[in-house]
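Student: My questions all concern the structure below.
The values are calculated or read from the model by the stated rules, or taken from the named source; none is laboratory data. On a predicted model such as this, the values are computed, not experimentally measured, just so you know. Reconstructed Cβ throughout: ideal geometry from the backbone, glycine too, with neighbour counts over all protein chains shown. Calculation scope for accessible area: heavy atoms of the full protein, side chains included, ligands and nucleic acids excluded. Shrake-Rupley method; radii C 1.70, N 1.55, O 1.52, S 1.80 Å.
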Amino acid sequence: MSRTPTPADAVLHEVAEGVFAYIQPDGGWCVNNAGLLVSGDSAALVDTVATETRARLLRERVLDSGRPVPTALINTHSHGDHTFGNWLFPEATVYGHHETRREMEAAGLHLTGLWPHVTWGRIELTPPTVTYSTGMTLHVGELTAHLQHPGVAHSTNDTLVWIPERRVLFAGDVIMSGVTPFCPMGSVVGSLRAVRAMRELAPEVVVPGHGPVGGLELLDTAEAYLSWIQQLARDGLAQGRTPGEVALEADLGPFVDLLEPERIIPNLYRAYAEEHELGHGASLDMTAVIKEMDRVFEEMVAYRGAPLRCTA
């Protein structure tokens with residue numbers, strides 16, 4: 001039996017000159033990635049992590065070898081595994097989409113209730129203080145960080161971070177690596193649109209929100225899975241079957257080895273809604289979302305036949 005990864009297994013490694021990916025194995029629920037940009041005396045962080053223990057370790061790794069303290073922190077979206085550690089970087093101005101700030105404030109610490117066995121530690125919500133609508137640019141020494149909102153995708157408020165000098169793309173949770181895509185609070189259609197937009201950038205390195213660093217093959221997997229989900233939803237609706245029924249009968253085929261296969265259920269709910277032309281707009285009623293996600297989590301547990309595994 002393989003060993004369960006621990007916070008200490010996280011690795012900060014340079015994927016291009018001055019551009020680092022912080023990878024936390026195994027990339028499952030709430031075990032996300034972050035990033036670091038360093039140029040001269042300037043540094044910027046891309047996302048933080050879920051728990052106090054993991055956030056303190058992230059800070060240690062970031063400041064190791066005398067690297068400068070980040071004065072900018074970019075959140076790729078509002079979810080707590082990417083934002084709960086913001087407070088441990090008080091020197092940094094936090095940047096994000098305007099919906100990132102609103103949804104963080106509306107959701108609060110709800111994520112911690114979904115995984116009550118996790119030792120979350122101290123969390124002080126620190127939403128972005130500088131927000132944008134469609135795009136903005138940060139200069140980190142000689143590096144350029146283009147913040148781009150691809151529209152509603154994994155969430156309503158995703159930010160892609162594109163470093164053109166290094167051809168590196170931080171994709172947030174719009175792209176996973178070895179992990180099942182997840183877009184019930186976003187859009188299947190929008191996620192496919194975002195993948196096309198990322199292809200146009202022609203990145204050489206893609207840092208996903210969860211899982212190992214890769215290249216364009218990560219976009220290929222996301223596109224194939226999401227297109228499959230769309231077809232399952234169309235067929236299920238035509239046959240009068242529920243998302244849960246479709247999920248139980250679906251052959252995962254090429255996606256069988258992706259972590260968190262139970263995400264098929266919430267993804268199908270989103271795809272069903274979009275087939276009914278009920279796609280998300282610019283914002284969500286977070287009270288309704290929280291109630292819906294609590295119910296869908298119960299369905300995912302039933303699909304898996306066991307409690308959902310979270311090693312945060």
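Student: Mind telling me which of the residues 85, 66, 35 ends up being among the small types (Gly, Ala, Ser) and farther than 22 Å from residue 211 by Cα?
Tutor: Details: 85 fails: farther than 22 Å from residue 211 by Cα; 35 fails: farther than 22 Å from residue 211 by Cα.
Criteria check complete, one pass: 66.
Student: In addition: Collect the residues in the stretch 135-172 that are closer than 19 Å to residue 230 by Cα and open to solvent by 10 Å² or more (accessible area, probe 1.4 Å), keeping them in residue-number order.
Tutor: Residues satisfying the conditions are 151, 152.
Student: Also, I was wondering about something else. Conditions first: (1) open to solvent by 10 Å² or more (accessible area, probe 1.4 Å); (2) of a type in the set (Gly, Ala, Ser); (3) under 17 Å from the mean Cα position of the chain (by Cα). Residue 40 passes all but one, so which condition is the exception?
Tutor: Unmet for residue 40, out of (1) open to solvent by 10 Å² or more (accessible area, probe 1.4 Å); (2) of a type in the set (Gly, Ala, Ser); (3) under 17 Å from the mean Cα position of the chain (by Cα): (3).
Student: Does the stretch 1-29 hold any residues that are under 22 Å from residue 89 (Cα atoms), of a type in the set (A, V, I, L, M, F, W, C) and open to solvent by 10 Å² or more (accessible area, probe 1.4 Å), and which are they?
Tutor: 8, 11, 12, 20, 23
Student: Going by the structure shown, is residue 126 within 23 Å of residue 51 (Cα to Cα), over 14 Å from the mean Cα position of the chain (by Cα) and β-branched (Val, Ile, Thr)?
Tutor: Details: within 23 Å of residue 51 (Cα to Cα): yes; over 14 Å from the mean Cα position of the chain (by Cα): yes; β-branched (Val, Ile, Thr): yes.
Yes, satisfied.
Student: Looking at residue 221 and the list (1) crowded, with 17+ Cβ neighbours inside 10 Å; (2) at pLDDT below 95, which single condition is not satisfied?
Tutor: Going through (1) crowded, with 17+ Cβ neighbours inside 10 Å; (2) at pLDDT below 95 one by one, residue 221 breaks only (2).
Student: At pLDDT 95 or above and either within 24 Å of residue 63 (Cα to Cα) or hydrophobic (A, V, I, L, M, F, W, C) (or both), is that true of residue 80? Outline the logic, then answer.
Tutor: Values: at pLDDT 95 or above: yes; either within 24 Å of residue 63 (Cα to Cα) or hydrophobic (A, V, I, L, M, F, W, C) (or both): yes.
Against the criterion (at pLDDT 95 or above and either within 24 Å of residue 63 (Cα to Cα) or hydrophobic (A, V, I, L, M, F, W, C) (or both)), residue 80 qualifies.
Student: Determine whether the stretch 214-235 contains at least one residue that is out of contact with any Pro (no Cβ under 8 Å at 6 or more places or on another chain) and part of a loop (DSSP other than H, G, I, E, B).
Tutor: Within the stretch 214-235, not a single residue is out of contact with any Pro (no Cβ under 8 Å at 6 or more places or on another chain) and part of a loop (DSSP other than H, G, I, E, B).
Student: Tell me, which residue of the stretch 77-120 that is assigned to a helix (DSSP H, G or I), without any contact (Cβ under 8 Å) to a residue 60 or more places away in the chain and open to solvent by 50 Å² or more (accessible area, probe 1.4 Å) is nearest to residue 7 (Cα to Cα)?
Tutor: Of all residues in the stretch 77-120, those assigned to a helix (DSSP H, G or I) come to 80-88, 98-107, 110-114.
Applying the additional criterion that residues be without any contact (Cβ under 8 Å) to a residue 60 or more places away in the chain yields 80, 83-88, 98, 100-101, 104-105, 112-113.
From the residues that got through so far, the ones that are open to solvent by 50 Å² or more (accessible area, probe 1.4 Å) too are 98, 101, 105, 113.
Values: 98: 30, 101: 27, 105: 27, 113: 20 Å.
Applying the filter and picking the extreme gives 113.
Student: What pairs can you find where one residue is in the stretch 193-212 and under 18 Å from residue 14 (Cβ atoms) and in a loop (DSSP other than H, G, I, E, B), the other is β-branched (Val, Ile, Thr) and modelled with pLDDT of 95 or more, and their Cβ atoms are less than 7 Å apart, with a gap of 6+ or different chains?
Tutor: 203/168; 212/23
Student: Exactly one condition in (1) surrounded by 14 or more Cβ atoms within 10 Å (Cβ to Cβ); (2) part of a loop (DSSP other than H, G, I, E, B) is false for residue 251; which is it?
Tutor: The one condition residue 251 does not meet is (1).
Student: Among (1) closer than 14 Å to residue 186 by Cα; (2) open to solvent by 20 Å² or more (accessible area, probe 1.4 Å); (3) modelled with pLDDT of 75 or more, where does residue 268 come up short?
Tutor: For residue 268, the exception is condition (2).
Student: Which residues, taken from the stretch 235-248, are surrounded by 13 or more Cβ atoms within 10 Å (Cβ to Cβ) and not acidic (Asp, Glu)? If you could, list the steps in order and put the result at the bottom.
Tutor: Within the stretch 235-248, the first condition is being surrounded by 13 or more Cβ atoms within 10 Å (Cβ to Cβ), and the residues that meet it are 236-237, 241-248.
Scanning the stretch 235-248 gives 236, 237, 241, 242, 243, 244, 246, 247, 248.
Student: Residues in the stretch 122-133: is at least one in contact with a Leu (Cβ under 8 Å, 6 or more places away or on another chain), surrounded by 14 or more Cβ atoms within 10 Å (Cβ to Cβ) and not in a loop (DSSP other than H, G, I, E, B)?
Tutor: Step one: of the stretch 122-133, the residues in contact with a Leu (Cβ under 8 Å, 6 or more places away or on another chain) are 123, 125, 132.
With surrounded by 14 or more Cβ atoms within 10 Å (Cβ to Cβ) added as a condition, the list becomes 123, 125, 132.
Then keep just the ones that are not in a loop (DSSP other than H, G, I, E, B); that gives 132.
Looking through the stretch 122-133, at least one residue is in contact with a Leu (Cβ under 8 Å, 6 or more places away or on another chain), surrounded by 14 or more Cβ atoms within 10 Å (Cβ to Cβ) and not in a loop (DSSP other than H, G, I, E, B).
Student: Restricted to the stretch 290-306, and to residues that are touching a helix residue (DSSP H, G or I) at 6+ places or on another chain (Cβ under 6 Å) and without any contact (Cβ under 8 Å) to a residue 60 or more places away in the chain, which residue is most open to solvent (accessible area, probe 1.4 Å)?
Tutor: 304
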